[in-house]
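For reference, the structure is listed below as structure tokens.
None of the figures in this text is laboratory data; all of them are computed from the coordinates on show. Note that the structure is predicted; figures quoted are calculated from it, not measured. Reconstructed Cβ throughout: ideal geometry from the backbone, glycine too, with neighbour counts over all protein chains shown.
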Amino acid sequence: MKKPTIGIQLYTLRDHIQTAEDFDSTLARLSAMGVTDVQISAIGDIPAPVQKEILDKHGMKVCVTHKPYDRMRNDLDNLIAEHKIIGCDAIGLGAASGDYRGSAEKVRRLIAETDEIGKNMLAQGCTFHYHNHDFEFQRLPDYDGCMMDLLLAETDPEAFHFIPDVAWIHYGGSDPVEVLHRMAGRVKVIHFKDYRRDEAGEKHFVPLGQGVVDLQACYDAACELEIPYIMYEHDNEWPNDDPFLACEQSWQYLCELNEK
């Protein structure tokens, strides 16, 4: 079994990648930790050639991005060109908007649109990737199953790939390992994230290994399925309100997983 490459989803550090100067200093801090691979998401208005220069300066590679759906629909050629500049062939959608969820009819509209987008990406050497939250695992009123069931059943495996988020899968009431196996062959990047519930049952994100998600089982499944990348992501509520501290703690956890 091949071990995945581990890295950091820069959405975790989104407030620190809004300018070229901050992007540079953030990658410097990650490089000092030993990080060599990242996902770009929620970055500021930094031209792709500048991003590439800074990435190369710190020896960083980009495995996937999250980009606005509007650009996929209306500015795809330029979006792909930007990805080729930074050396990334995987373009991700961070979430489906409310217009594309809540009913099978809405989901099928997303499927039809992303099928065209995904095939256009393929023709230009890129691939489309979809990142889940918990709502994909809620039963649809007009379909015998949930949104994820429909996406798995009715999307083209060549044109529609997944970025499974193990914490959101767990929070949505499903088994992340089972879902990973259902997505076999359609995953380049997994998001590792963790959370716990307080006494009132409210969800709180925590650094990896401090919550309720069985990350060891998820890691073992990633190795078994030969999924190339695991990216750590932390949405909010960082320890001491410091996303860099969360990255340091979670990076250490990932390194320990990879060294076993």
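Select from the chain the helices, each a whole stretch of DSSP H, whose alpha-carbon atoms run 18 Å or more along the helix axis and whose Kyte-Doolittle mean is at least -1.0; answer none if there are none.
Values: long enough: 20-33 (20 Å, 0.03); 104-123 (28 Å, -0.36); 243-259 (24 Å, -0.27).
Within the chain the helices that satisfy the rule are 20-33, 104-123, 243-259.
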note = For residue 97 and residue 248, extending 7 Å from Cα along the Cα-Cβ vector and measuring point to point gives, in nm, a value of 4.0 nm
inquiry  = Skipping prolines and chain starts, which residues have an amide H placed within reach, meaning under 5 Å, of the one on residue 145, given they are 5 or more residues away or on another chain?
reply    = 140
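Residue 175 to residue 119: FRET efficiency via 1/(1 + (r/R0)^6), r the Cβ-Cβ distance, R0 41 Å, to the nearest 0.05? Let's see the in-between values first.
Details: r = 31 Å, r/R0 = 0.76.
Step by step, r from the Cβ atoms, then E = 0.85.
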message = From the helices alone, meaning DSSP H stretches of at least four residues, give me the mean residue ellipticity at 222 nm for the chain, per-run term -39500 (n - 2.57), in deg cm²/dmol to the nearest 500.
response = -12500 deg cm²/dmol
inquiry  = For segment 5-259, give me the percentage of DSSP beta bridges that are antiparallel, rounded to the nearest 5 percent.
reply    = 15 percent
query = If we restrict to alpha carbons, what Rg and Dmax does segment 55-189 come to, in Å?
reply = 15.0, 51
inquiry  = For Cα pairs less than 8 Å apart in space and 6+ apart in sequence, what is the mean separation divided by the residue count of segment 5-259, i.e. the relative contact order in percent?
reply    = 18 percent
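Equivalent-ellipsoid semi-axes (√(5λ), Cα gyration tensor) for segment 1-132, whole Å, largest first?
Details: eigenvalues 153, 48, 44 Å².
Each semi-axis is √(5λ); the values are 28, 16, 15 Å.
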query = Which entry in (1) 28, 20, 18; (2) 26, 24, 17; (3) 40, 20, 16 matches semi-axes √(5λ) of the Cα gyration tensor in Å derived from the coordinates of this structure?
reply = (2)
request  = Could you work out the longest stretch of the chain that avoids the GluC sites (Glu not before Pro) located in DSSP loops with at most 10 other Cβ atoms within 10 Å?
outcome  = 1-198
